[in-house]
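The values are calculated or read from the model by the stated rules, or taken from the named source; none is laboratory data. Keep in mind that what you see is a predicted model, and the values were worked out from it rather than measured. All Cβ positions, even for glycine, are placed from backbone atoms using ideal geometry, and neighbour counts span all protein chains on display.
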Amino acid sequence: MHPVPAGIRLPRDVAAAAVAAVMALGGCAAVTTDHAEAPPSTGNPALQGEVPGVPRPGSTARAVPTPAARAVPTPTASPSPTVVEIPPKGTGDFAVAPGGTDPVGTGTLLRYTVEVEGGLPFVPADIAGIVDATLADPRGWAALGDHAFQRSQAGGDLRVLFATPATTDALCAPLRTRGEVSCRNGELVVLNAQRWAHGVEAYGDDLDAYRQYVVNHEVGHALGFGHVGCPGAGEPAPVMLQQTYGLDGCLPNPWPDP
């Protein structure tokens, strides 16, 4: 709005209309900020899934009409992020990822299958690709020289199972996974689909890194490694630290040999 030059008086009805317009524009526009409500604290990061993002609404500001004004298009709201829904219980049957890999590493060969429970929104071949890449990574178990890995379609030494929460609890018993965490039980490496889909607080938005961690951690148990503590604040967390529950001052790290 341009100021009225000094010495020029507006007619009373024009001045009143101008004042009313200013009050309408200045007194009724409210600024709001959307906040995604944080999940209730349980004291256990492993029991807190990621909160789905809340998209901000598009702008509803109105343009002040003027003779020369151009229509301003209303911004389009960003699409909502895809939320993977994990059923609490699946079919109990597992589909084996097809094909296999060449051996990776020079140590004792450990053959494994990758299997996905029916009812989960995962493609076995896609899941197997993530497991294969994790175990073949130069920062992984194979790099330490004691073990080699090869995925097969049958007859493996380990079965890497992706299971719903209820099936995870059944396969991990007598360990108590409470529908929330993963385990290794004998030849079974049971990865809880709930954690795979949503991660944990300690890894924030880095879901890929958390998935690498949980594969390496549970396979580490199959190799004979037990749990360890954080060596010191600010240091990379050992892969056998129970990072799903927290970092104890360490930094998140998914690798045996970072």
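Considering region 122-139 alone, what residues qualify as being in contact with a helix residue (DSSP H, G or I) (Cβ under 8 Å, 6 or more places away or on another chain) and of a type outside the set (Gly, Ala, Ser)? Answer for region 122-139, where residues must be in contact with a helix residue (DSSP H, G or I) (Cβ under 8 Å, 6 or more places away or on another chain) and of a type outside the set (Gly, Ala, Ser): 122, 130, 131, 134, 135, 137.
Here is the figure for region 181-200: residues that are surrounded by fewer than 20 Cβ atoms within 10 Å (Cβ to Cβ) and either of a type in the set (Phe, Trp, Tyr) or at pLDDT below 95 (or both) total 0. Scanning region 120-140 for residues that are surrounded by 17 or more Cβ atoms within 10 Å (Cβ to Cβ) and not hydrophobic (A, V, I, L, M, F, W, C) gives 124, 132, 134, 137, 139, 140. Taking the listed residues 154, 170, 143, the one that is hydrophobic (A, V, I, L, M, F, W, C), touching a Gly at 6+ places or on another chain (Cβ under 9 Å), more than 23 Å from residue 243 (Cβ to Cβ) and surrounded by fewer than 20 Cβ atoms within 10 Å (Cβ to Cβ) is 170, with no other qualifying.
Of all residue pairs spaced 6 or more apart or on separate chains, those with beta-carbon atoms under 6 Å, a first member in region 211-225 that is farther than 13 Å from residue 130 by Cβ and a second member that is of a type in the set (D, E, K, R) are 218/184; 221/184; 222/184.
Residues that are among the small types (Gly, Ala, Ser) and crowded, with 18+ Cβ neighbours inside 10 Å were ranked within region 210-227; the one that is farthest from residue 184 (Cα to Cα) is 220.
Please verify whether residue 199 is in contact (Cβ under 8 Å) with a residue 12 or more places away in the chain and on the phi > 0 side of the Ramachandran plot, treating the condition exactly as stated. Yes, satisfied. For residue 224, the criteria (1) of a type in the set (Gly, Ala, Ser); (2) outside any loop (DSSP other than H, G, I, E, B); (3) within 18 Å of residue 110 (Cα to Cα) hold in every case but one, which is (2). Within the option set 252, 256, being crowded, with 21+ Cβ neighbours inside 10 Å, over 25 Å from residue 85 (Cβ atoms), at pLDDT 95 or above and in contact with a helix residue (DSSP H, G or I) (Cβ under 9 Å, 6 or more places away or on another chain) holds for one residue only, 256.
Inclusion of residue 232 among residues that are part of a loop (DSSP other than H, G, I, E, B), of a type outside the set (S, T, N, Q), under 22 Å from residue 185 (Cα atoms) and more than 17 Å from the chain's Cα centre (by Cα) is not warranted.
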